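The values are calculated or read from the model by the stated rules, or taken from the named source; none is laboratory data. Remember, it's a predicted structure, so these values are computed and weren't measured experimentally. Quick reminder, even Gly has a Cβ in these numbers, built from the backbone with ideal geometry, and neighbours come from all protein chains shown. Protein only, heavy atoms only, side chains kept; ligands, DNA and RNA dropped before computing areas. Shrake-Rupley method; radii C 1.70, N 1.55, O 1.52, S 1.80 Å.
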Amino acid sequence: MSNFRAPHSPTYDYIYIPGDIILGGFFPIHQPPSNELGSMQCTAIKRERGIQRLEAMLFALDVVNTRSSRLMSSVLAHSNIRFGALIYDSCDYESYAIERAFNMLLPSIDQCMPVTKRTESSVIAGVVGSASSIVSMAIADILRLAEIPQISYASTSTELSEKPRFQFFSRVVPPDTYQAEAVVSIIQFLNWTYVAVIKETGSYGERLTDDFKTKLKNKTICISGELSVNIKDTNTYARVIRELYEDEKYRFVVGVIIFAQEDSVRQILNQTASKTELNGRWVFLGTDGWGKKWYPVEDFGRAAINAITIAPKLYPIADFDEYFTKLIPSKNTRNPWFIEYWEETYKCKFDHSPKTIFNQNYTRLCSDNYSAYTNLSVHYFQEGYVHYVVDAVFTLVIAIQKLIDEKCFNSSRHKPLCKEFYPFDGIRLLSILRNTTFRNDLSKRSIKFTPNGDGIGTYDIFQYQFIDLSKHTLNYRTIGEFSDNDQVNERVRIDLDTLKWFKYHHQHSKWLEESSVTPRSFCSESCRPGEIRTNTDSQQCCWTCRACELFHIAVNETLCLPCSERQIPNTNFTHCITLQAEYLSIKSVIAWPALILSSIGLLMTIYTITIFIRFSHTPVIKASSRELSYFLLFGICSCHLCAWPLVLKPHILTCFFIQIGVGLSLTICLAALLTKTNRLARIFNNKQRVQQPSCLSPRSQLGICAGICSVQLIGVLLWILISPPGVRLKSESKHNQRNLILLCRTNNESIAYSLVYNMLLVISCTAYAIKTRQIPENFNEAKHIGFAMYSICIIWLAFISIFFGLRSSENWFRIQFVTLAICLSLSATIILLCLFAPKLYIILFDPSKNIHSKFKTSISVKKPATSQPKDSNHYNTLQATPVNNNQQRRITPSEFTTEVTFCTSKSDSYALNIHEETTQTDSFIGEKSIVNTSACTDAERQIISGKDSDKTDLISKSKPKLNVGYLQRSSIRRNSTNLVISNENPWKRMSNVRYKLDKQEVKEENTSRYRHVYEQHITFV
């Protein structure tokens, strides 16, 4: 083998194991050179990272060559090839690693020469190593020249994933990208928001720090500061620990992240342990550079208590433990560094070993017998990367065997390598290697590579803690794992039962076991629910808290979002919840008064209608215009019924009834009252006209009512066409509260505006009631109407103030509807009581007044006296002739009252009694009367029977004709009144006429049966 060495470089040892194909190896057997020692020699030996990993490669080669595992016996079943090794100590130093890599480059260059010029040396097909990323990078640049694939067992820098710079580099461990992500996930699990970072200068620490900061983007984790240490300058460690303890910005920092290899970690723990006040001050979080290694915490374990570290998941190999524990210096001669390892482990010295600065103080002689060291507290444990070394060796062997099978079809057990295998095709081997997938039966681990040649795996999470607090026994304990390909998205799983936190009691100078409460590492306290943070400086983890606006939720710690109009925040202000719609219903207590009043009023109205139907032919009912009374009672019923849709849950039907019923029902009542008052005003206030007022019949009065109601009906129908009935949800915010109200699509104000026409009717009725307040005493219905109108005016004036004045109340919509329902019911009830209660009292409790004489009124007015004709036989003529104006003589003013009693019966006979009384101021003219009885014809009976005679108050407009024969047969005295007799009603043209209808039973003179006789009393001037 060639032994290339640069000038002025120290000599170095190596391991060479001959074979058909050689596998190269680089391991950090010693620590790098130190300026303190003043020599370029490598320093102290590394027992775990160096010797154990080196022996793991030798162990793997033994398994391959002996086919002692199921995997190797299967892969190499038909091959007799033997694999050798060329292994160097990299000293974890780039310059030495490059120098020794040339020894692997030269034999590979020889393979490129013609066959006649080649040497007999075996080809180096691949290299296993190195441990640190910076050394692997240096070696990769050399091996790329010879196209030798390199596979690392511990280099995790993400820079090594860059292709094509490190085209021939692969690794069985996952890159630092996963490490950085694992560290971030652990910090999030611990709920830390403010951490410090200590990084080692060089590729490992700086690249891992960069990856860590990249992963922190969009995370609520801040770095309080980055502190750098240099392995070649021990003063940097003391400076970093002092700054971390004294600087004010690290006052609340508990979590300290260490991105460094084990040598730097050991120096950091050394500086921390040197000061008692720093015990328990920080919780260190280390990466795979620390992992589960014993070297960093040896002698400085108290500074590492509570520390959390990660390392690629351990897959211990039991066969290796058996192999390594049986190694003794006298038999393990192929490892030139094993004696040095033995001396360092057991603190002894062999006689034949050279004296060094590391063993010069050892006085005890070393022995091969393990029993000699039973009293020494030497703990053996399998180093965490041993199985990765075995995986790397197995991967190269399997890939090389596949390349041999591909190149050499006729290979034999005696000659496994054919001529076609040369020159060695490293590019093809690299392609085969990265597509290799297998399961190592020794470690029970599946091997697979990414397209860039990175390994896929998981990380174990450890905590350095007291195993036995009473004995102060410290060790690593597995508390969880991190997986980069977890399907359930729970990348970090930590067993809280195994996670323990210990606190140092400075007064008693001892460690106490604390509860499972995780130490906090923060800059500012967390905000309360419904608050967001406002950053006070460039650090997003230092903030002041500010409450979100009303009806906003805090979607995260920095952003508030408003809820929709139909939503409000939940109690934690994290989600918007939909409001439950509020509406007025019969279940609401506030609606009960309206419903009770409506029900009572409806029952009273139905009772009144029943009484009116039962006693429809009595004088008191006939005197009240039955058609208008029924029309008015229908309107009163409608007003009471409208209260129900107002208080029921809004629906398209209830909204329809509200739109059409509220205004129209009140219009019906007011139309009937307006017709009554208008008619009274026209009759009793008409003192100048001789003509009878028009439209006084019941049919005409109903037509007037219908015309008044049609105006409201047309308006309501147009309103329904413009704004169809329906329901809507209205969001309203008052007094820092939001309510969702279920209402009809039409605004409540529009419902109130629909009553404007009714207000005009109320004003008109009130005006007419005032105008007719002095009509004759017996006809007191006008006063009742007036009182009803005054009361209704007061009610609706109060309604307007309540309806529009309580919008600030939370229950405004309930109050508005209930108030409207109560106003309608009260208005209808007042009309019912004022107009119908007196009549019901007479019918039910005072029937003696229910006679026609009680509903007859005489009116005395001033009128001029007229001359009487001289011939009394004037009345004997067959027809009456009118009196000429020139035949009349004017006399002194007199009181002239005429009462006409017009009696009809069902037996076709009637009597007409006319009584005139004239009282002169200075003379008495006399009293005259005409009494005439005879049979009535059907036409004459039609004058007083039929529809016009059934309604009270005013004489009809019908034009009956008097029976001339009857007048001829009548005996009329000469001194009778000057009544003009013609074929038409003699008082048709009179104004201010009042007639009443009575019903009596009269016994006929010639028969024993009774007949019904109707009397009409007409009093006119």
*Among the strands (runs of 3 or more DSSP E) confined wholly to segment 162-244, which include 1 or more residues that are touching a residue at least 24 places away in the same chain (Cβ under 8 Å), of a type in the set (Asp, Glu) and more than 20 Å from Asp92 (Cβ to Cβ)?*
222-229
*asked:* Just the residues that are closer than 16 Å to Gly384 by Cα and either at pLDDT 90 or above or crowded, with 24+ Cβ neighbours inside 10 Å (or both), please, taken from segment 295-309.
replied: Pro296, Val297, Ile308, Thr309
*asked:* Filter segment 203-225 down to the residues that are surrounded by fewer than 19 Cβ atoms within 10 Å (Cβ to Cβ) and under 18 Å from Val240 (Cβ atoms) and list them by number.
replied: Glu206, Ile223, Gly225
_segment 248-266 residues that are under 24 Å from Cys42 (Cβ atoms), paired with ones that are open to solvent by 10 Å² or more (accessible area, probe 1.4 Å) and in a helix (DSSP H, G or I) (beta carbon under 7 Å, 6 or more apart)_ = Gln261/Tyr204
_Restricting to segment 334-383, name every residue that is among the β-branched types (Val, Ile, Thr) and either assigned by the TED database to the domain that holds Ala44 or at pLDDT below 85 (or both)._
Thr356, Ile357, Thr363, Thr374, Val378
_Complete set of residues in segment 154-193 that are buried (at least 23 other Cβ atoms within 10 Å of the Cβ), of a type in the set (Ser, Thr, Tyr) and under 29 Å from Asp233 (Cβ atoms)_ = Ser155, Thr156, Ser157
_Check on Glu322, surrounded by fewer than 18 Cβ atoms within 10 Å (Cβ to Cβ) and either assigned to a helix (DSSP H, G or I) or assigned by the TED database to the domain that holds Ile22 (or both)_ = yes
*Of these, Ala260, Ala273, which one is under 21 Å from Phe466 (Cα atoms) and either at pLDDT below 95 or not assigned by the TED database to the domain that holds Phe502 (or both)?*
Ala273
*asked:* Can you pull out every residue in segment 423-449 that is open to solvent by 20 Å² or more (accessible area, probe 1.4 Å) and farther than 16 Å from Ala399 by Cα?
replied: Pro423, Asp441, Leu442, Lys444
*Residue check: is Lys292 free of Cβ contacts under 8 Å to residues at least 60 places away in the same chain and either farther than 26 Å from Phe438 by Cα or open to solvent by less than 10 Å² (accessible area, probe 1.4 Å) (or both)?*
no
*Of the conditions (1) free of Cβ contacts under 8 Å to residues at least 24 places away in the same chain; (2) within 54 Å of the chain's Cα centre (by Cα), Lys326 fails just one. Which one is it?*
(2)
*Please state which of the following conditions Gln774 fails to meet, knowing it meets all the rest: (1) open to solvent by less than 10 Å² (accessible area, probe 1.4 Å); (2) at pLDDT below 85.*
(1)
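This table checks each residue for (1) more than 27 Å from Tyr380 (Cα to Cα); (2) under 47 Å from the mean Cα position of the chain (by Cα); (3) of a type in the set (Phe, Trp, Tyr).
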{"residue": "Asp211", "(1), (2), (3)": "yes, yes, no"}
{"residue": "Lys232", "(1), (2), (3)": "yes, no, no"}
{"residue": "Val240", "(1), (2), (3)": "yes, no, no"}
{"residue": "Gln267", "(1), (2), (3)": "no, no, no"}
{"residue": "Gly280", "(1), (2), (3)": "yes, yes, no"}
{"residue": "Tyr295", "(1), (2), (3)": "no, no, yes"}
{"residue": "Asn306", "(1), (2), (3)": "no, yes, no"}
_Count of segment 510-543 residues which are over 17 Å from Val254 (Cβ atoms), among the small types (Gly, Ala, Ser) and at pLDDT 80 or above_ = 1
*Across segment 500-521, what is the total count of residues that are assigned to a loop (DSSP other than H, G, I, E, B), open to solvent by less than 70 Å² (accessible area, probe 1.4 Å) and of a type outside the set (S, T, N, Q)?*
3
*Among the numbered criteria (1) of a type in the set (A, V, I, L, M, F, W, C); (2) open to solvent by 10 Å² or more (accessible area, probe 1.4 Å); (3) assigned to a helix (DSSP H, G or I), which single criterion is violated by Ala60?*
(2)
*Determine if segment 470-481 includes at least one residue that is over 29 Å from Leu244 (Cα atoms) and exposed (fewer than 11 other Cβ atoms within 10 Å of the Cβ).*
yes
_Qualifying residue in segment 237-257 (condition: surrounded by fewer than 19 Cβ atoms within 10 Å (Cβ to Cβ) and closer than 30 Å to Gln52 by Cα)_ = no
